[in-house]
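Novice: Below is the structure I would like to discuss, written out as structure tokens.
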2 protein chains.
Amino acid sequence: MRVMLGSGGFRTPERVAFLVEQMRSFFGSIEYLLFVPYALADYDAYLDVLHQRGLDAGYRILGIHQADDPVAAVRTAPGLYIGGGNTFRLLATLYQQQLLDPIRDRVHQGMPYLGISAGCNVACPTIRTTNDMPITSPPSLDALGLASFQVNPHYYHGETLLRRGEELIPHFGETRDERLKEYHEMNSLPIVGLWEGGILRIENNQILLLGTPARLFRRGQPCLDVEPGTDLTPYLQPGD
Amino acid sequence: MRVMLGSGGFRTPERVAFLVEQMRSFFGSIEYLLFVPYALADYDAYLDVLHQRGLDAGYRILGIHQADDPVAAVRTAPGLYIGGGNTFRLLATLYQQQLLDPIRDRVHQGMPYLGISAGCNVACPTIRTTNDMPITSPPSLDALGLASFQVNPHYYHGETLLRRGEELIPHFGETRDERLKEYHEMNSLPIVGLWEGGILRIENNQILLLGTPARLFRRGQPCLDVEPGTDLTPYLQPGD
């Protein structure tokens, strides 16, 4: 199984170059990528943005919304790429289009899967560690389960400040670490808090962290900060 | 119907004093407040924090978890106070304890309702504008519907910066305004973006904004910034 998960925030030239480099090495020479734009409202505009920002990595992109039969499109795709946006909308549409089983089957058969942000969330067992607003109600929070652990994309810690004009004001809403602690009050899977610009590559039974540090959250244990290049496999075994 | 909704972030002495002043004028002389701590994991610790921070406003507080029969406790409470934490956990527990109808009935009969943060979210028609992580799955996102509009508590806009040591780094995750725009791509109710420390008082068929500015989001219209003291009623009529 070959799965690559990106945090999101690929918005600086350095980060885009890093993502492109990773995509080239992950997908290699492949005829095209089937792109799933369901996390945003305007699918065609999403494809345009992908090309404009260079996030296609030079690959030919086929939007799944352009296919007559999305399930058949998944069954024949040489590679799959699920983009970011709203995770609830993405998962609801995957359920509606009955795509979860076909995607899962194909990935287990070897089709490489790239998910960024919301596309990373839906690769986890559930979307219970998304940052997104529940603007719609998928039939379940259960997702693809390509990874055996949870990821929190766009992860950060430290003090949050808001700039209003020249002023910096503190924000008191729950911190991300508090939110992830709440997850572990009701759930047991380990979580990778993946900083923006970071990537996880799950290949050859190994989970490799690339590009940025990450913070690991495991129930009942202190959190652990790890550096890019770390093999996370030993840290991410399912908990109790 | 008398409903008071607070954004949260009542963490500075000035904000606590403002909330206490509002609570005193809202509840008046009342025998006790029935407090609902379901949004956090540790109910007793929540009561302690409430007293320590002065968020009891000097009232006698009865925790609903201390009552033998939570439904009966709601039916006889002179006033209800639902605190913040995780909105999904709060709503799931309200469903599990079959409290939604009893609370709704009592508020319609005149029992004053105070909801802060998650307690504000569940007073809306749905929890689709919460900022919280979906750590559990309530049977539905439909909530009390005491307000006819949505509130986004802990609202902010402007650039988000993270302080790591001495460094300030920009955050690229979806802005709050982008998330609320996504809500309107799939839903039509107007939303009040309520800054931390802000309060809405819904009384005498009037919706009064107090303490902070707010930003109003209405589908298909530009957003509108309003000042404290504004009667929001004309702006919050249900949309299409």
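Novice: Assess whether residue B:219 counts as being in contact (Cβ under 8 Å) with a residue 24 or more places away in the chain, among the basic types (Lys, Arg), under 24 Å from residue A:40 (Cα atoms) and in a loop (DSSP other than H, G, I, E, B).
Specialist: Values: in contact (Cβ under 8 Å) with a residue 24 or more places away in the chain: yes; among the basic types (Lys, Arg): yes; under 24 Å from residue A:40 (Cα atoms): yes; in a loop (DSSP other than H, G, I, E, B): yes.
Judged against the criteria, residue B:219 is a match.
Novice: Determine whether residue A:56 is open to solvent by 60 Å² or more (accessible area, probe 1.4 Å), of a type outside the set (A, V, I, L, M, F, W, C) and over 15 Å from the mean Cα position of the chain (by Cα). If you could, list the steps in order and put the result at the bottom.
Specialist: Values: open to solvent by 60 Å² or more (accessible area, probe 1.4 Å): no; of a type outside the set (A, V, I, L, M, F, W, C): yes; over 15 Å from the mean Cα position of the chain (by Cα): yes.
When the stated conditions are applied, residue A:56 does not pass them.
Novice: For segment A:78-88, name all the residues that are open to solvent by less than 30 Å² (accessible area, probe 1.4 Å) and of a type outside the set (Val, Ile, Thr). Steps first, please.
Specialist: To start, the set of residues in segment A:78-88 that are open to solvent by less than 30 Å² (accessible area, probe 1.4 Å) comprises A:79-88.
Of everything in segment A:78-88, those that are open to solvent by less than 30 Å² (accessible area, probe 1.4 Å) and of a type outside the set (Val, Ile, Thr) turn out to be A:79, A:80, A:81, A:83, A:84, A:85, A:86, A:88.
Novice: Now for a separate question. Could you list all residues from segment A:118-142 that are open to solvent by 10 Å² or more (accessible area, probe 1.4 Å), in contact with a strand residue (DSSP E or B) (Cβ under 8 Å, 6 or more places away or on another chain) and either more than 8 Å from every other protein chain (Cβ to nearest Cβ) or closer than 20 Å to residue A:6 by Cβ (or both)?
Specialist: A:125, A:126, A:128, A:131, A:142
Novice: Within the set of pairs 6 or more residues apart or between chains, which connect a residue that is within 11 Å of residue A:78 (Cα to Cα) and open to solvent by 10 Å² or more (accessible area, probe 1.4 Å) inside segment A:31-43 to a residue that is modelled with pLDDT of 95 or more and in a loop (DSSP other than H, G, I, E, B) with Cβ atoms less than 8 Å apart?
Specialist: A:31/A:60; A:31/A:78; A:32/A:59; A:32/A:60; A:32/A:77; A:32/A:78; A:32/A:79
Novice: Return a yes/no flag: does segment A:151-158 have any residue that is open to solvent by 20 Å² or more (accessible area, probe 1.4 Å), within 11 Å of chain B (Cβ to nearest Cβ) and in a strand (DSSP E or B). Break it down stepwise before answering.
Specialist: Here is the first cut: in segment A:151-158, the residues open to solvent by 20 Å² or more (accessible area, probe 1.4 Å) are A:156-158.
With within 11 Å of chain B (Cβ to nearest Cβ) added as a condition, the list becomes A:156-158.
Subsequent filtering for residues that are in a strand (DSSP E or B) retains none.
There is no residue in segment A:151-158 that is open to solvent by 20 Å² or more (accessible area, probe 1.4 Å), within 11 Å of chain B (Cβ to nearest Cβ) and in a strand (DSSP E or B).
Novice: In segment B:222-240, what residues are touching a Pro at 6+ places or on another chain (Cβ under 8 Å), in contact (Cβ under 8 Å) with a residue 40 or more places away in the chain and surrounded by 14 or more Cβ atoms within 10 Å (Cβ to Cβ)? Even if it seems obvious, please write down each step before you answer.
Specialist: Here is the first cut: in segment B:222-240, the residues touching a Pro at 6+ places or on another chain (Cβ under 8 Å) are B:225-228, B:235-239.
Right, trim to in contact (Cβ under 8 Å) with a residue 40 or more places away in the chain and you get B:235-239.
Within segment B:222-240, B:235, B:236, B:239 qualify.
Novice: So, in segment A:161-193, exactly how many residues are farther than 19 Å from residue B:11 by Cα, more than 8 Å from chain B (Cβ to nearest Cβ), out of contact with any Pro (no Cβ under 7 Å at 6 or more places or on another chain) and at pLDDT 85 or above?
Specialist: Matching residues across segment A:161-193 total 7.
Novice: With respect to residue A:16, determine if the residue is within 14 Å of another protein chain (Cβ to nearest Cβ) and either under 16 Å from the mean Cα position of the chain (by Cα) or of a type outside the set (Phe, Trp, Tyr) (or both).
Specialist: Numbers: within 14 Å of another protein chain (Cβ to nearest Cβ): yes; either under 16 Å from the mean Cα position of the chain (by Cα) or of a type outside the set (Phe, Trp, Tyr) (or both): yes.
Criteria met by residue A:16.
Novice: Loosely packed, with under 15 Cβ neighbours inside 10 Å and at negative phi: is that true of residue B:167 in this structure?
Specialist: Details: loosely packed, with under 15 Cβ neighbours inside 10 Å: yes; at negative phi: yes.
Criteria met by residue B:167.
Novice: Here's another thing I want to ask about it. From the residues in segment B:99-112 that are closer than 10 Å to residue B:74 by Cβ and outside any helix (DSSP H, G or I), which one is nearest to the other protein chains (Cβ to nearest Cβ)?
Specialist: Once the filter is applied, the top-ranked residue is B:99.
Novice: Please enumerate the residues belonging to segment A:177-187 that are touching a strand residue (DSSP E or B) at 6+ places or on another chain (Cβ under 7 Å) and either in contact (Cβ under 8 Å) with a residue 40 or more places away in the chain or crowded, with 22+ Cβ neighbours inside 10 Å (or both).
Specialist: Applying the first criterion (touching a strand residue (DSSP E or B) at 6+ places or on another chain (Cβ under 7 Å)) to segment A:177-187 yields A:180, A:183-184.
Within segment A:177-187, A:180, A:183 meet the criteria.
Novice: Would a scan of segment A:193-214 turn up a residue that is at positive phi, among the polar types (S, T, N, Q) and open to solvent by 10 Å² or more (accessible area, probe 1.4 Å)?
Specialist: Checked against the condition, which is being at positive phi, among the polar types (S, T, N, Q) and open to solvent by 10 Å² or more (accessible area, probe 1.4 Å), segment A:193-214 yields at least one hit.
Novice: A further question follows. Provide a single number: the residues in segment B:188-214 that are part of a loop (DSSP other than H, G, I, E, B), free of Cβ contacts under 8 Å to residues at least 60 places away in the same chain and farther than 22 Å from residue A:163 by Cβ.
Specialist: Let us first name the residues in segment B:188-214 that are part of a loop (DSSP other than H, G, I, E, B), namely B:188-190, B:196-198, B:204-205, B:211-213.
Cutting the leftovers down to free of Cβ contacts under 8 Å to residues at least 60 places away in the same chain gives us B:188, B:190, B:204-205, B:213.
Remaining after also requiring farther than 22 Å from residue A:163 by Cβ: B:188, B:190, B:204-205.
Residues meeting the conditions: 4.
Novice: Okay, next question. Within segment A:9-30, work out how many residues are of a type outside the set (Phe, Trp, Tyr), closer than 17 Å to residue A:80 by Cα and in contact (Cβ under 8 Å) with a residue 24 or more places away in the chain.
Specialist: The qualifying residues number 6.
Novice: What's the number of the condition residue B:14 fails, among (1) surrounded by 19 or more Cβ atoms within 10 Å (Cβ to Cβ); (2) under 20 Å from residue B:209 (Cβ atoms)?
Specialist: The failed condition is (1).
Novice: I would also like to ask the following. Looking only at residues that are crowded, with 17+ Cβ neighbours inside 10 Å and not in a strand (DSSP E or B) in segment B:59-77, which one is farthest from the other protein chains (Cβ to nearest Cβ)?
Specialist: B:77
The values are calculated or read from the model by the stated rules, or taken from the named source; none is laboratory data. All of these numbers come straight from a predicted model, not from anything done at the bench. All Cβ positions, even for glycine, are placed from backbone atoms using ideal geometry, and neighbour counts span all protein chains on display. Ligands, DNA and RNA are stripped out before the accessible areas are found, and what is left, the full protein with its side chains, is counted by its heavy atoms. Shrake-Rupley method; radii C 1.70, N 1.55, O 1.52, S 1.80 Å.
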